[in-house]
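Report on one structure; see the data block that follows.
Just so it is clear, none of the values below were taken in a lab; they were calculated from the coordinates. The structure presented is a predicted model; accordingly, all values stated were derived computationally and were not measured. Reconstructed Cβ throughout: ideal geometry from the backbone, glycine too, with neighbour counts over all protein chains shown.
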Amino acid sequence: MAILRLLLELFLLGSAWKPLSCLDLLMTTDICPQIPDNGSAPLIVNVHVFVSNVFDVDILQYTVSSSMLLKMSWFDPKLSWHENTYPRNFITLSSDLLWTPDLTIQEALWVDWREQSPRARISREGFVELYAALTTRTNCDFELLRFPSDKSDCSISFYAFSNTAEELRFHPHAVNEIVSVKREYTVRGLKAQVPHQQLVPCFQVTLSLENTAVKTTMALVVPGVAVLLADVCGSLLPLKATERISYKVTLLLSYLVFHSSLVQALPSSSSCSPLLISYFTLLLILLSLSTMETVLMYGLLARGNFSPKISPNPAPRQEGLDTTNAGPRYEEPQRTTEEQRKTWVEAMDHIFLLTYVAIIGCSQIIFVIVWVWWECKSDPPPAKNIPHGGKPKI
Ligand SMILES: *[C@@H]1O[C@H](CO)[C@@H](O)[C@H](O)[C@H]1NC(C)=O
């Protein structure tokens, strides 16, 4: 009798350990929940996207970090119950026990879902409500042509790859819940839509970002213009003063240091690079031109001074050696040629200053015109010709 019982127990244990296929489970219990059936029409899942923060906009890396809360709700008549069987109006269940849409973000570098299996709230009628909070860092193609007053649209696309568009459709709504205002980039608009012609159910949240430009204007534009003005003022120093050369060279050197740090601070791109880079390069060219002019004019003057024919420098020594030896006779024509040369060089310097100011004025006006009117179309993305959507073909 005992042997018989042992055999029976062993048999039962063996049958319990036998792996059951999911289909068996599906037939007997509800461990493998499937998407609620809606006949020939797809199941409608309403999604409310509450965007609570956009906390890091990195233009050098082309990424945006944001945190949001998804409220998904759908109707599953199979989950309803009668008042007589269970008196409560709502129950909560772990989402592992239910079918839930599994979402993948296309642009994400990383996603952090706050809870792996959040609890779902089910009403007696079979209405399911599920909240999922996430933080994500996504890629965004910023339009930086007009940096630092740039505006860009960044989209975050959610795909449910385990269902087809015939089974499931999203109805998304975006809700702006951003309360922090202390940001360099502010969110000017927020919308959610379903892209057309998708084979996989999906919805897209678009953030419209705008740069407030305060930091960049303070840190880049103001010093750049200040250096240019200082250079113009430096040109007013007399040409003979050696301070003018050292002033200009110091200015050029400091601008070079500023320029290299600025180029590192600005992002680059294959198309539509920031206009500001061209502007600062133009400033660099103008400053070098002005420094070269000062050196050249100073050189011309000095040449005149040291040249043996017209130079007055050897003359005093000759004068000192033999004062009676017709010194004053040569002095007169020498002085006049020297003065002529001096006035000529000074006139040239004056003309250069006027031209320089005119060039600066014109270049600023041209830059403003280009800034306002220039349109730049980014190159089409490499995948432009491939129809959008579809499961990844591995
Ligand atoms: C089923 O499909 C119809 C038609 O598209 C839709 O109006 C209805 O809301 C859907 N039902 C569910 C439960 O999604």
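Length available on full extension from T217 to T250: 0.36 nm per residue minus the Cα-Cα distance, which gives 9.5 nm. A simple spin-label model places pseudo-atoms 7 Å from Cα toward Cβ; at Q264 and K342 they are separated by 4.7 nm.
For the pair V357 and V179 in one chain, pulling the backbone fully straight at 0.36 nm per residue adds 59.3 nm over the alpha carbon distance. Calculated from the alpha-carbon coordinates, segment 13-212 shows an Rg and a Dmax of 20.2, 72 Å respectively. Taking θ as phi - 60° and the Karplus parameters 6.51, -1.76 and 1.60, the scalar couplings of segment 58-66 work out to 10, 6, 6, 9, 6, 10, 10, 10, 8 Hz in sequence order, x denoting glycine and proline.
Normalising the average separation of contacting C-alpha pairs (under 8 angstrom, six or more residues apart) by the number of residues puts the relative contact order of segment 13-212 at 24 percent.
Distance between the pseudo-spin-label points of D58 and T85 (7 Å out from Cα toward the beta carbon): 5.2 nm. Listed here are the pairs K182/K377; K248/K342; K151/K182; which of them are more than 28 Å apart at the Cα? Pairs exceeding 28 Å: K182/K377.
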